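Beneath this line is the structure, given in structure tokens, with notes to follow.
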Amino acid sequence: MEQNKYKLPVIFFVVGLVVGFLIGYYLVGKNLGWKSTETKQLENIVALTFPRPPEDLRTVMGVITKIDGNKIQMDIGDPEDYLPHEDGSSQRMISRVGLVSDATEMYVLRPTQIDKNGNIFRETLTISGLKTGESITVTSAENVRTANEFSALLIEKVEF
């Protein structure tokens, strides 16, 4: 009878320890980076399939929203919102402004036209040859991820 008197408190104590450990692991372990092997493998697969954009982003593709003198405003995909959305919604867009100068190279590329050397057709373009709603690729010497306004070194528009 004396032994049965301690069984129930010992059982409650052991169950309390297990529950406390699980709660602690869930609350603290996740913050410390404790992850299961399966979780790490899944994260590796996602990282291979959808690589994170570089922190130093110098070339972006976007849609022209406004042209004002030598400034081309465009919407680009937010580099922080690069993973597919579960609900199927589109990537969040952010606005950036490229400054065109005399040093900016601008070209129209037509991949359906190939020259005798196998190169795609490339023609010089001016800012007047661009229109709102068109997609362009812009390369800058600055980090476009952090600069809202940047100098454009190269602008390319692809036509099919």
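The values are calculated or read from the model by the stated rules, or taken from the named source; none is laboratory data. Everything numeric in this text was worked out from a predicted model, so none of it was measured. Heads up, the Cβs are rebuilt from the backbone with ideal geometry, glycines too, and the neighbour counts pull from every protein chain shown.
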Any pair with Cβ under 8 angstrom, 6 or more apart, that starts in region 82-105 at a residue that is in a loop (DSSP other than H, G, I, E, B) and ends at one that is among the β-branched types (Val, Ile, Thr): LEU83/VAL46; VAL100/ILE72; VAL100/ILE127; VAL100/ILE155; THR104/ILE155
Single residue of region 1-54 satisfying the filter (among the hydroxyl-bearing types (Ser, Thr, Tyr) and over 29 Å from ASP78 (Cβ atoms)) that is modelled with the highest pLDDT: THR37
Checking MET106 against (1) in contact with a Lys or Arg (Cβ under 7 Å, 6 or more places away or on another chain); (2) under 24 Å from GLY77 (Cβ atoms), the condition it does not meet: (1)
Residues that are more than 14 Å from PHE150 (Cα to Cα), modelled with pLDDT of 95 or more and aliphatic (A, V, I, L, M), drawn from region 62-85: VAL63, ILE64, ILE67
Count - residues of region 120-137 that are surrounded by fewer than 10 Cβ atoms within 10 Å (Cβ to Cβ) and without any contact (Cβ under 8 Å) to a residue 60 or more places away in the chain: 3
